[in-house]
Amino acid sequence: MLEFRNLTRSFGDRVVLDRVSFTVNQGETFVIVGPSGTGKSVSLRSMVGLLTPDSGQILLKGQDLTAMDPQQRSIMNAHFGVLFQSGALLAWLTIAQNVALPLLERGVDEDEAEERTMEALRMVKLDHAFDRKPSEISGGMQKRAGLARAIVTRPEVILYDEPTSGLDPVMSRHIDALIKELQQRLGVTSVVVTHDLHSAFSIGDRIAMLSDGHIIALGTPEEFCASDSDIVQGFIKAQFSAGYIRGIKV
Amino acid sequence: MRNFEPVFLPEPRNLFEKAGRLVRGYTMAVGDALLITAEAFRFGHRLPRRRAELMRQMFACSVKTLFICSVVALCMGMILARQAGVILQDYNQEHRVGSLVIVSLVRELGPVMTALILAASIGSAYAAEVGTMNISEEVSALKVMSINPVDYLITPRLYALLIMCPALTMFADLIGTFGGMLVAKTQLGVSPRTFYENAVLDLKLRDVYIGLLKSVVFAIIIITVAAYQGFTTSDGAVGVGRATRRSVVISFLFIMVIGFFVTSLFY
């Protein structure tokens, strides 16, 4: 479905992604984890054309996104829905107007847009707050509104940038449950970027870890936990004391 | 709109390289800013879809700056009449004060003063708004939703300024003339009728057109500078403050310099 081929991106002398390659299969939830500043968000932003890689390819259903001009790229972005770290809702619009925006901009008629907006808001359990402004709702609600906006266009791939950052543990697990529920209901392919391993183990079908610009571990949660990399084990132990996660001993 | 990605270059090796890089940077900035404005003009055909936003921006440009515009224009007209009147009285020509006030206002002071007010109040607000949106990933969100940020954010603001800047200029000309007339009557003893007759005698329709043309050029300068500063904002709140300040300073600079060249072109 989505493939990174030898993707490289540097900022000055600092190589953030160094010939990174991986494939995201259709319908799976692929989680990229790693400490801050290891290029997780850079990979995600490269997928939707917000950053241009120095070299390498990103293929969506076999089409090379990096070779496209901005106009073609903009059309291809219709395949993606993105939940930004901050929610990125437009402050002067209500929650419903924010969610309806991509539909109205694509020429969907107002009645249908309203119906689909309310459906998306119901999915994220935010239909009661449709007429509120982003500043009038909590951080968790803003993320849910951002999620509703990401799914309202019925994209094939949903990208989540740190969906649980800045949220309390209860709200974080609630967002995880929501991501899982949407995944099951909509059957979309999801790419989640996070440093929260609770979240990664709870929603991920496969987990990849980025460190120093390279993928140092990639596999199912079980395979990930069994990785012999010290960095992976250190990262796991930093977030969990000894015990079990989804039945996997850590 | 192209992505403004961070550019990292090695330290310049000597003064020439430093100077060359500076010139290259400014040239690219001017080019990028003009491209944004050209793109905003190009999306003009989508304005009917953005009626509500256009009206919102026109309201912000007009009603919210009307008071400050009126006060500044009134004072400017009064100062002009007072200063010119004192000199004209020495030559018993105080009845000509109306002509001096209106020609100065319509040709130069009206458009420049209105543009400076709009650059300080509206241009800075645009730079801060777009800059904050850039920082908080709202601009990125628009791009990902296949919405061109220039089309969605800049086009309505550009056309709102193109309509309201000349309208406010005419309003400022009128209020300034009224201020001049007030001082002429109360302090120079020139009747409003004499003031008006002299004013109309020397004011040509060409002056009005050129004044309005200037205000259109100034509107383009304000939006070009503000949009570029907004879209290239980085470094959080400090960056937004920097973009806002730069937007005002650069707009002021270009309004004065380009104002001079437009004047030289026609007079």
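Nothing in this text is a laboratory measurement; each read-out follows from the coordinates by a stated rule. Everything numeric here is computed off the predicted structure, so don't read it as measured data. No Cβ is skipped: glycine too gets one built from the backbone with ideal geometry, and neighbour counts run over all protein chains shown.
Quick notes
- Restricting the chymotrypsin sites (Phe, Trp or Tyr not before Pro) of segment B:49-98 to loop positions (DSSP other than H, G, I, E, B) with no more than 16 neighbouring Cβ atoms within 10 Å leaves B:91.
- The mean number of partner chain beta-carbon atoms within 10 angstrom of a residue's beta-carbon across peptide A:43-51 is 3.
- In terms of packing, defined here as the mean over residues of other Cβ atoms within 10 angstrom, the peptides A:178-187, A:14-23 line up highest first as A:14-23, A:178-187.
- Mean Cβ neighbour count within 10 Å, used as a protection proxy, ranking B:19-31, A:158-170, A:120-132 highest first: A:158-170, A:120-132, B:19-31
- Protection proxy ranking, peptides A:70-79, B:135-144, B:250-259, average beta carbon neighbours within 10 Å, highest first: B:135-144, B:250-259, A:70-79
- Residue-averaged [θ]222 nm for chain B, counting only DSSP H segments that reach four residues, each worth -39500 (n - 2.57): -26500 deg cm²/dmol
- Using Cβ point charges alone (K and R +1, D and E -1), the dipole size of chain B about the Cα centre works out to roughly 260 debye.
- Lys/Arg +1, Asp/Glu -1 at C-beta; segment B:51-196 dipole; positive extreme among B:136, B:119, B:87: B:87
- At least 27 Å along the helix axis (C-alpha) and Kyte average at least -1.0, DSSP helices within chain B: B:15-42, B:51-90, B:155-187, B:205-231, B:236-266
- To the nearest ten degrees, helix A:139-151 and the longest principal axis of the Cα atoms of chain A are 80 degrees apart.
- Values of log10 I(q)/I(0) for chain A across q = 0.09, 0.16, 0.17 Å⁻¹ run -0.39, -1.20, -1.32, by the Debye formula with one identical scatterer at each alpha carbon and no solvent.
- Peptide B:132-142, shielding by other chains (average Cβ, 10 Å cutoff): 6
- Remark: mean inter-chain Cβ contacts per residue of A:98-107 equal 3, using a 10 Å Cβ-Cβ cutoff to other protein chain atoms.
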